[in-house]
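Each remark here refers to the structure printed beneath this line.
The values are calculated or read from the model by the stated rules, or taken from the named source; none is laboratory data. What you see is a predicted model; the values in this text were computed from it and never measured. For neighbour counting, all protein chains shown are included, and Cβ atoms are generated from backbone atoms with ideal geometry for every residue, glycine included. Side chains included, ligands, DNA and RNA excluded: accessible areas come from the protein's heavy atoms. Shrake-Rupley method; radii C 1.70, N 1.55, O 1.52, S 1.80 Å.
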Amino acid sequence: MSLAEAPSPSPSSSSGSEDFAALLDAELELAFGADSAFPGDPSSASPAAADEGEEEVEVEVPEQNGAKRRRVDEQHQDQGMSIRPDKIATGPSKNVQVELCPHPGYFGGLCFRCGKPQDEEDVSGVAFGYIHKGLRLGTSEIDRLRGADLKNLLRERKLVLILDLDHTLINSTKLHDISSAENELGIRTAALKDDPDRSIFTLDSMQMLTKLRPFVRNFLKEASNMFEMYIYTMGDKAYAIEIAKLLDPTNVYFPSKVISNSDCTQRHQKGLDVILGAESVAVILDDTEYVWQKHKENLILMERYHYFASSCRQFGFGKSLSESMKDERESDGALATVLDVLKRIHAIFFDMASETDLSSQDVRQVIKTVRKEVLKGCKLVFSRVFPNNARPQEQMMWKMAEHLGAVCSTDVDSTVTHVVAVDLGTEKAHWAVGNKKFLVHPRWIEAANFRWHRQPEEDFPVLPPKEKSRDKANAVTGQKETSKDEEENAVAGEKETGNDKKEENDVAGQKRATIKMEMM
């Protein structure tokens with residue numbers, strides 16, 4: 001039985017010789033070939049024989065008086081046993097060695113090594129339906145395949161990149177959620193234009209519009225030279241495949257690597273357990289931290305892309321980019337920025353290690369090192385940013401600053417470089433002005449976290465009270481003003497618009513960092 005013969009739910013049922021699905025096929029077919037070479041092997045038994053539970057295997061055993069035929073009765077189908085060619089006894093001995101099949105995995109409900117049907121009670125292992133429908137692999141087989149894949153990746157100087165869809169690479173909306181302003185601007189007409197360079201598309205079968213994030217095509221092209229890439233979305237499989245076709249029409253980036261909500265092993269959570277790549281080389285790009293509870297060290301948090309009005313309404317933002325006829329700039333938008341970060345991570349991982357210790361490298365440590373360079377040399381004091389009864393050290397904004405390499409303190413002194421505040425009237429704010437220290441809004445830290453660079457302090461001033469409301473009213477970039485503590489920035493859920501199953505955020509939403517815009 002060949003896995004390659006089975007239909008695949010991915011955008012394409014086949015891939016090149018370098019595709020990992022092909023590697024898996026080759027590995028599993030090798031197992032079939034080795035086990036079926038011997039006529040008495042259970043993998044060549046018919047389903048009827050498997051149901052009978054007992055099978056007679058005839059083995060020729062040479063003896064001094066000539067060849068004699070001996071019958072060996074083994075209940076190997078029910079017990080998962082197999083007799084290997086190299087285990088056949090020869091010479092005077094009449095002992096036949098029988099080994100238990102470890103059942104490395106199942107395909108279509110049958111062990112792909114011995115052919116034993118999977119017990120109803122035996123649901124161990126992980127399903128990899130996005131590679132081949134009906135494929136389930138055991139822990140030892142997953143580890144073996146990951147080890148083989150790791151060697152191939154390191155030989156090719158590649159890492160693994162897992163990409164979220166909604167608000168990371170694209171933004172989608174239902175047709176019935178399009179605002180009147182968007183309709184007046186002809187957004188649906190733009191999606192129907194026969195323009196190969198257009199970035200807005202209509203998904204007729206799903207009654208949706210999808211907008212590609214600026215620079216996404218160049219991003220995927222350049223990232224593919226450094227990474228083996230997966231799509232991983234909380235959207236439905238049909239939606240994920242349709243978006244994959246838009247992003248990868250020739251199926252060169254994501255063959256058999258489109259993972260959707262039906263592939264998750266834990267509700268409302270994404271996990272690397274369904275990725276046939278080692279965690280030590282996996283980098284994740286996602287706009288939602290909450291869904292990666294077990295893999296935060298692999299995560300690069302993306303600034304959410306809110307193009308459509310419905311997306312802004314969902315997250316409590318103001319006028320949308322579509323209604324403002326604006327968009328991120330390709331040259332220095334979110335994807336261009338994170339591509340530079342990925343290049344640095346890739347270079348450090350491979351260039352700073354010798355060929356002999358590449359396998360011991362861990363990309364999570366590289367991510368941590370690069371992140372700590374962002375605010376290195378900065379010492380921060382917070383003023384009225386956190387609730388009065390909260391321990392500052394436990395607040396997300398404090399932790400975010402430390403992860404970026406800053407030193408945080410509760411008291412001002414001569415070594416302090418920045419006072420982070422939302423109110424000019426505090427004592428510490430006055431101290432910052434009087435001592436010529438930087439006085440910045442908390443958004444300055446958030447922007448550095450998204451952009452992976454220290455941002456110009458003058459772009460994040462603390463406004464007088466009378467100017468705050470006017471500044472908020474005039475904002476057209478979708479940023480959300482707030483004077484509450486940083487926990488309001490914690491990402492607590494992800495809205496995947498593809499399956500129209502909206503999940504509530506556990507926190508008030510995520511404030512967006514300031515980005516440069518240009519007219520469409």
Mind listing the phi-derived Karplus ³J(HN,Hα) values for segment 315-325, rounded to whole Hz, using 6.51, -1.76 and 1.60 with θ = phi - 60°, and x for any glycine or proline? 9, x, 8, x, 5, 7, 5, 5, 5, 8, 6
Give the accessible surface of segment 374-459 per residue, rounded to a whole number of Å², with probe radius 1.4 Å and ligands, DNA and RNA excluded. 48 Å²
Whenever you get a sec, compute what percent of the accessible area on segment 155-348 sits on carbon and sulfur atoms (1.4 Å probe). 47 percent
Excluding ligands, DNA and RNA, what is the solvent-accessible area per residue of segment 106-187 at a probe of 1.4 Å, expressed in Å²? 41 Å²
Pseudo-spin-label distance Asp351 to Asp423, built 7 Å along Cα→Cβ, given in nm, is 4.8 nm
Gain upon complete extension [Glu156, Asp143; 0.36 nm per residue less C-alpha separation]: 2.7 nm
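Kindly state, to the nearest 0.05, the FRET efficiency for Lys399 paired with His453, given R0 = 25 Å and r defined as their beta-carbon distance.
It comes out at approximately 0.80.
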Cα→Cβ-extended label distance, 7 Å offset, between Ser331 and Asn388, nm: 4.9 nm
So for segment 330-464, what percent of the C-alpha to C-alpha distances run longer than 25 Å? 35 percent
Tensor-based shape of segment 214-269 (alpha-carbon gyration tensor, a/c under 1.5 rounded, otherwise prolate or oblate): prolate
With a 1.4 Å probe and every protein chain left in place, tell me how much accessible area Phe386 has, in Å² to the nearest 10. 30 Å²
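If you stretched the chain out fully between Lys319 and Lys372, how much longer would it get, using 0.36 nm times the residue separation minus the C-alpha to C-alpha distance?
15.7 nm
Have a look at the DSSP beta bridges in segment 374-459 and tell me what percent are antiparallel, nearest 5.
Of those bridges, close to 0 percent are antiparallel.
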Once both labels are modelled 7 Å past Cα along the beta-carbon direction, what's the Asp273-Val252 spacing in nm? 3.6 nm
Mean separation of Cα contacts under 8 Å (at least 6 apart) over the residue count of segment 183-323, i.e. the relative contact order in percent, is 14 percent
Between Lys436 and Ser409, Cβ-based FRET efficiency (R0 25 Å, step 0.05) works out to 0.90
For Gly105, distant residues with modelled amide H under 5 Å away: Phe112, Arg113, Gly138
Solvent-accessible area of Glu328 with every protein chain in place, 1.4 Å probe, in Å² to the nearest 10: 10 Å²
Gain in span if fully extended, Lys221 to Lys193, counting 0.36 nm per residue against the direct Cα distance: 7.7 nm
Summarise the accessible area of segment 392-457 (1.4 Å probe, protein heavy atoms) by the percent that is carbon and sulfur. 52 percent
